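Report on the structure given below.
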Ligand SMILES: Cc1cc2nc3c(=O)[nH]c(=O)nc-3n(C[C@H](O)[C@H](O)[C@H](O)COP(=O)(O)O)c2cc1C
C-alpha cells in the first residue's frame, strides 16, 4: 500500500509514522513555568543529534487550538530544560505525567515525583532517574504544528552503578530505559541486547 501523508492520508500521518518509526527513546522533560512551578512531561519525539556540541532535540506538537504545550512554551521563555531518562520501574509514573494539567500545576508534585536540583540550569531533574541532562535551548524551530526544541547539553548526571569511573563507559547492560512503540500506548523493554561489530 502507498500512502500520501500530505494529501489523502494526512489524518493518519501521526499513528502511521509513530507506529513505524520505533522504538523511540523517551525524554522526561522538566521546565520551569513563570509562576515558579515545575512542569514535567514525556516526549518520544526525542533523540541525540550530535556531540560537538552535545545536541538533543525534543518536539512538542501544538495543542489542538494551536497553542504551545507547556514544555515548549516554558523552554522557549526560560531557555532551559532538563531531560531525565526513565528506568523500567519509572515507566508507569512517566506515562502518568502526560496528563494535561492547567499551566502552573505541577505533574511532579501531583504524582509525588521527587525532583533534585540541577547544577547549571534552573529546572530540577527527576531524582530517581538513571541519568539526566541539563540543557540550554539553542533554538526552537516551528514547522507547521510542530515545535522542535534544540538543546545543548551542559551537564550529564548518571547513577554511579551505570558508569565505569575510570573509563566513563556506560554499562549498557544496566541501562535499559523503556522505548516508545506504536501509537498511542505501546512500549518495549530494551534489556534484550546483542553486539555486532561493524566492518573496518
Ligand atoms: C511516552 C509518551 C511520549 C510522548 N511524546 C510526545 C511527543 O513527542 N510530542 C508531543 O507533543 N506529545 C507527546 N506526548 C504527550 C505529552 O506528554 C502530553 O501532551 C503532555 O500533557 C504535554 O505536557 P505539557 O503541556 O506539560 O508540556 C507523549 C506522551 C507519552 C505518554
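Where a number appears in this text, it was derived from the coordinates with a stated rule and is not lab data. Treat the numbers as computed from the prediction; the structure is a model and nothing was measured. Glycine also receives a Cβ, built like all others from the backbone with ideal geometry; neighbour counts cover every protein chain displayed.
Where does the chain land at 222 nm, in deg cm²/dmol rounded to the nearest 500, when only DSSP H runs of n ≥ 4 count, each adding -39500 (n - 2.57), divided by all residues?
-3500 deg cm²/dmol
Work out how much length residue 89 to residue 101 would gain on full extension: take 0.36 nm times their residue separation and subtract the Cα-Cα distance, in nm to one decimal.
Between residue 89 and residue 101, full extension yields an extra 2.0 nm.
Before anything else, pin down the relative contact order of the chain: Cα pairs under 8 Å, at least 6 apart, normalised by residue count, whole percent.
24 percent
What order do you get for 80, 164 when you list them from fewest to most C-beta neighbours inside 10 Å?
In increasing order of surrounding Cβ atoms, one gets 164, 80.
Which residue fluctuates most in the GNM of the chain (Cα springs below 10 Å): 129, 59, 13?
Fluctuation is largest for 13.
Quickly work out the residue 1-to-residue 164 label distance, labels modelled 7 Å from Cα along the C-beta direction, and quote it in nm with one decimal.
4.7 nm
Which FRET efficiency, nearest 0.05, do residue 48 and residue 120 yield, Cβ-Cβ r, R0 25 Å?
It comes to 0.85.
Quick check: from the Cα gyration tensor, does the range 157-200 come out rounded (a/c under 1.5), prolate or oblate?
oblate
Between rounded, prolate and oblate, where does the range 34-137 land on the alpha carbon gyration tensor, with a ≥ b ≥ c its root eigenvalues, rounded for a/c under 1.5, else prolate if a/b exceeds b/c?
Judged from the Cα gyration tensor, the range 34-137 comes out rounded (a/c under 1.5).
What ranking do 49, 81, 43 get, fewest neighbouring Cβ atoms within 10 angstrom at the top?
Arranged by neighbour count, lowest to highest, 49, 81, 43 become 49, 43, 81.
Decide, for the range 104-171, between rounded, prolate and oblate: order the square roots of the alpha carbon gyration tensor eigenvalues as a ≥ b ≥ c, take rounded if a/c falls under 1.5, and otherwise choose prolate if a/b is larger than b/c, else oblate.
Oblate, since a/c reaches 1.5 and b/c is not below a/b.
List 143, 152, 57, 26 from most exposed to least, where exposure is judged by having the fewest other Cβ atoms within 10 Å.
143, 152, 57, 26
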